[in-house]
Amino acid sequence: MKPKVGFFSFTSCEGCQLQVLNMEEQLLDIAGAIDLVTFREAMDPIDSDYDIAFVEGSISRESEITVLREMRRKADVVVALGACAASGCVNAIKNRFDSEENLREVYGDAARYYDTIDARPIDQVVNVDFYLRTCPITREEFARLFTSLLLARRPYDPNFAVCVECRMEENVCVYDMDAGEFCMGPVTRAGCGALCPTYGSSCIGCRGFMDQANFDSMVQVMQDHGMAREDAVNRLKMFNAALPEAEEVK
Ligand code: SF4
Ligand code: SF4
């Protein structure tokens, strides 16, 4: 029997759903291997239970907490689809500022109509089984995880630094070149294949932190290469302000 699959979204730009729809060559195979019951960007929902829920977006309203809990109750497997769901992503930058002031700044007199809470990854509300961590997810990562789920195998989810993959790509480190770039590879979870450093940009930490990351050293390295401490701390938190580890970084 094919698994019933739903794609859901909370606070996000929905770019991760779009990445799945952009898998032109594999899309028919994917659709043929599952019973798709909901996918907001692609179809009207079918009133049905589901086995696997791909959940995109962070939780930033009380009402989303209730919906997510109900989703968790129904699904056997919950996958965090992208950085918003996995770590809070840029949505959580607002957590660092006064919520009332944020609302007034963005919505002015209409602020009272908006229900908003600190943005958080979905695993701060429910248990999550598997993660796709990048912003946006890559098609390769989705295909790898999707195949693992169909084969009942544990998906690949490395817990080491992007630097490992960067060195495997034989890149010259931006810090060795002293290129005026500030890369977060040493504290960021691998799994993207060091995509950004390989194509000439520094890692900005969208995949969240690996366990036991050394934040003090990371900030010190950025300072040593000319970045002000405050900017280095802000950079560390840009995608990760909702993670408890980010509070260690001052
Ligand atoms: S992880 Fe990035 S691309 Fe995906 S929904 Fe969030 S902001 Fe959009
Ligand atoms: S460029 Fe970035 S990811 Fe690559 S080795 Fe240097 S710090 Fe690590």
So in the chain, which Cys have no other cysteine's beta-carbon sitting under 4.7 angstrom from theirs? Cys13, Cys16, Cys163, Cys166, Cys173, Cys183, Cys192, Cys196, Cys203
Just want the ordering: Met238, Met43, from fewest to most Cβ atoms lying within 10 Å of their own Cβ. Met43, Met238
Between the modelled labels at Thr138 and Arg61 (7 Å from Cα along Cα→Cβ) the distance in nm is 3.4
Of all DSSP beta bridges in the chain, what percent run antiparallel (nearest 5)? 20
Label zone at Gln26 (point 7 Å along Cα-to-Cβ), backbone N below 11 Å, the stretch 129-172: 138-149
With point charges of +1 on the Cβ of Lys and Arg and -1 on the Cβ of Asp and Glu, referenced to the Cα centre of the chain, which listed residue (Asn127, Phe10, Phe160) lies farthest in the positive direction of the dipole? Asn127
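What percentage of all Cα-Cα pairs in the chain are separated by more than 35 Å? Let's see the in-between values first.
Working: 5824 of 31125 pairs.
It works out to 19 percent of all Cα pairs.
Give the order of Ser87, Ser58, Ser99 when sorted by the count of other beta carbons within 10 angstrom, beginning with the fewest. Walk me through the numbers before you get to the answer.
Details: Ser87 31, Ser58 28, Ser99 12.
If I rank by nearby Cβ atoms, fewest first, I get Ser99, Ser58, Ser87.
Contact order normalised by length for the chain, with contacts defined as Cα pairs under 8 Å and 6 or more residues apart; what percent is it? Let's see the in-between values first.
Working: 464 pairs, mean separation 46.0, N = 250.
Relative contact order comes out at 18 percent.
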Measuring from its Cα centre, the chain shows a charge dipole (+1 at each Lys and Arg Cβ, -1 at each Asp and Glu Cβ) which, in debye to the nearest 20, is 400
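R0 = 30 Å: FRET efficiency of Tyr156 with Arg40, Cβ-based, nearest 0.05?
Values: r = 27 Å, r/R0 = 0.91.
The calculated FRET efficiency here is 0.65.
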Helix 215-224 axis, angle to the chain major axis (alpha carbon atoms, nearest 10°): 50
To the nearest Å, what is the center-to-center distance of the stretch 1-70 and the stretch 214-250, using C-alpha atoms only? 33
Whole-angstrom Cα spans of the stretch 4-150 along principal axes, big to small: 49, 27, 26
Can you tell me which of 120-132, 74-86 comes out highest on packing, and rank the rest after it, using the mean Cβ neighbours within 10 Å? 74-86, 120-132
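Kindly rank 89-95, 148-154 from highest to lowest mean number of other beta carbons found within 10 Å of each residue. Before the final figure, lay out each step's value.
On the way: 89-95: 21.7, 148-154: 12.0.
In descending order of packing, they fall as 89-95, 148-154.
Neighbouring Cβ atoms within 10 Å as the yardstick, rank Phe39, Phe97, Phe7 fewest first. Provide the component values of the computation, followed by the final result.
Details: Phe39 19, Phe97 10, Phe7 26.
Ranked by crowding around the Cβ, least crowded first: Phe97, Phe39, Phe7.
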Sum up the charges of everything whose Cβ sits under 9 Å from the Cβ of Tyr50, counting Lys and Arg as +1 and Asp and Glu as -1, but leave Tyr50 out. -2
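Computed from the coordinates by the stated procedures, all read-outs in this text should not be read as laboratory data. Please read these numbers as outputs of a predicted model, since none were measured by experiment. FYI the Cβ positions are ideal-geometry reconstructions off the backbone, even for glycines, and counts take in every protein chain you see.
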